[in-house]
Amino acid sequence: AKTNRNSVFSIYRPEMNKNQEEALLIEHHLRKAIEQNELELYYQPKLDLNTKQINGVEALLRWNNYLLGNVPPDKFIPIAEDTGLIIKLDEWVLEKACQQNKEWNDAGFSNPIKMAVNISPLHFRLSHFEDVVKRILDKTGLEPSLLEIEITENSFIDNHEECIACLTKLKDIGISVAIDDFGKGYSSLNYLRKFPINSLKIDRTFIQEVSENNEDIAIVKAITHLARELNLKVVAEGIETKEVIRILEELGCDEIQGYYISKPLPKKRFEESYEQMNYC
Ligand code: C2E
Ligand code: CA
Ligand code: CA
Ligand code: CA
């Protein structure tokens with residue numbers, strides 16, 4: 001038989017280890033996930049600590065494959081990044097999320113919801129990510145101020161100039177930019193002066209034990225001060241207890257997100273429980 005680049009069996013070799021085998025299998029199925037309709041978005045709310053209202057939601061990708069079952073994003077996103085598949089996936093997510101948010105805001109939730117989408121650093125290596133965003137906003141009719149992108153510090157590492165140019169264009173259209181997993185990366189704080197960003201999202205490893213751990217409190221406090229001085233909003237993720245909320249309120253954190261308020265939910269369940277999410 002002819003070797004087929006798309007067939008996972010033709011490139012299998014016995015000396016491959018379990019992880020490589022699994023990665024190939026995932027890649028093979030992931031290539032077809034969009035056309036086979038295997039992807040779904042879950043939505044996790046963000047709560048504004050000043051108003052105690054839900055004012056945002058983050059789109060999180062879910063993949064259910066007929067053979068592999070539910071594959072968690074922490075497993076398939078890195079493979080999608082290694083193979084370049086992430087470009088198509090993130091664009092699919094972006095369009096779907098914008099469409100959904102247009103629908104929700106038109107239907108008139110009690111206050112406007114901003115939709116946050118995770119964008120892989122790879123997009124900034126390709127030029128013109130801003131054109132992708134513009135096309136999708138045009139197509140879905142979503143107001144730019146109702147879209148936020150979440151990027152990690154890694155986005156800044158190799159391509160400063162391009163990344164600044166792109167983010168500046170996005171900001172000019174009215175889109176917000178958040179730094180995700182803030183504090184977890186290894187990059188210097190230098191970029192904070194140069195990049196047009198709106199908020200810092202503190203990594204959940206600093207948040208989860210903040211009520212028991214003095215070092216974590218010190219770190220969260222320092223990030224909150226830094227953000228305030230730089231005129232950035234501070235968001236904390238991974239909130240699982242009331243205790244942690246109280247500490248974050250005291251430190252002046254602006255927004256919170258976590259299982260305590262709600263787990264990420266599929267569209268229908270998000271709509272059903274939206275009203276009850278408003279208290280904490
Ligand atoms: P992330 O962007 O940091 O998303 C937060 C992760 O923490 C989500 O995991 C969420 O379900 C989980 N989480 C939220 N609240 C809590 C909590 O209170 N406790 C705990 N223990 N966990 C909480 P998820 O959905 O498995 O996503 C994992 C990562 O995969 C995301 O981390 C993000 O980096 C990536 N990802 C997910 N969807 C996309 C996507 O559409 N595009 C890209 N490029 N990456 C995505
Ligand atoms: Ca995120
Ligand atoms: Ca995060
Ligand atoms: Ca992450």
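The values are calculated or read from the model by the stated rules, or taken from the named source; none is laboratory data. Bear in mind the structure is a predicted one, so any value in this text is a computation, not a measurement. Virtual Cβ from ideal backbone geometry, glycine too; neighbours counted across all protein chains shown. Just so you know, the surface numbers come from the protein's heavy atoms only, side chains and all, with ligands and any DNA or RNA stripped out. Shrake-Rupley method; radii C 1.70, N 1.55, O 1.52, S 1.80 Å.
Selection of the stretch 208-256 for residues being in contact with a strand residue (DSSP E or B) (Cβ under 6 Å, 6 or more places away or on another chain) and either closer than 21 Å to residue 196 by Cβ or without any contact (Cβ under 8 Å) to a residue 12 or more places away in the chain (or both) yields 223, 224, 227, 232, 233, 234, 235, 254, 255. Selection of helices (runs of 4 or more DSSP H) fully inside the stretch 172-280 by the criterion of at least 2 residues being within 15 Å of ligand 1 (Cβ to nearest atom) and closer than 27 Å to residue 137 by Cα returns 267-273.
The single condition among (1) over 14 Å from the mean Cα position of the chain (by Cα); (2) more than 22 Å from residue 236 (Cα to Cα); (3) not acidic (Asp, Glu) that residue 89 does not satisfy is (1).
Entry remark, the stretch 121-158: residues being touching a Lys or Arg at 6+ places or on another chain (Cβ under 6 Å), in a helix (DSSP H, G or I) and within 16 Å of residue 91 (Cα to Cα) number 2 in total. Residues considered: 215, 271, 209. Of these, the only one that is of a type outside the set (S, T, N, Q), surrounded by fewer than 18 Cβ atoms within 10 Å (Cβ to Cβ) and farther than 21 Å from residue 181 by Cβ is 271. Residue 97: over 21 Å from residue 237 (Cβ atoms) and either buried (at least 22 other Cβ atoms within 10 Å of the Cβ) or over 19 Å from the mean Cα position of the chain (by Cα) (or both), yes or no? No: the conditions fail for residue 97.
Only one of 200, 248, 189 is crowded, with 17+ Cβ neighbours inside 10 Å and more than 16 Å from ligand 4 (Cβ to nearest atom). Can you tell me which? Going through 200, 248, 189 in turn, the sole match is 248. Quick check, is residue 164 modelled with pLDDT of 95 or more, open to solvent by less than 70 Å² (accessible area, probe 1.4 Å), more than 11 Å from ligand 1 (Cβ to nearest atom) and within 19 Å of residue 200 (Cβ to Cβ)? So residue 164 fails the test. Cβ separations smaller than 6 Å between residues 6+ apart or across chains give the following pairs from the stretch 145-158 residues that are open to solvent by 30 Å² or more (accessible area, probe 1.4 Å) to residues that are acidic (Asp, Glu): 152/180; 152/181.
In the stretch 110-139, the residues that are of a type in the set (Ser, Thr, Tyr) and within 16 Å of ligand 3 (Cβ to nearest atom) reach residues that are modelled with pLDDT of 90 or more and open to solvent by less than 90 Å² (accessible area, probe 1.4 Å) with C-beta atoms within less than 8 angstrom, at least six apart or across chains, in these pairs: 120/77; 120/80; 120/81; 120/86; 120/87; 120/90. Within the stretch 169-196, residues that are farther than 24 Å from residue 208 by Cβ and polar (S, T, N, Q) reach partners that are open to solvent by 30 Å² or more (accessible area, probe 1.4 Å) and within 16 Å of ligand 2 (Cβ to nearest atom) with beta carbons closer than 8 Å, at six or more positions or on different chains, in the pairs 176/114; 176/198.
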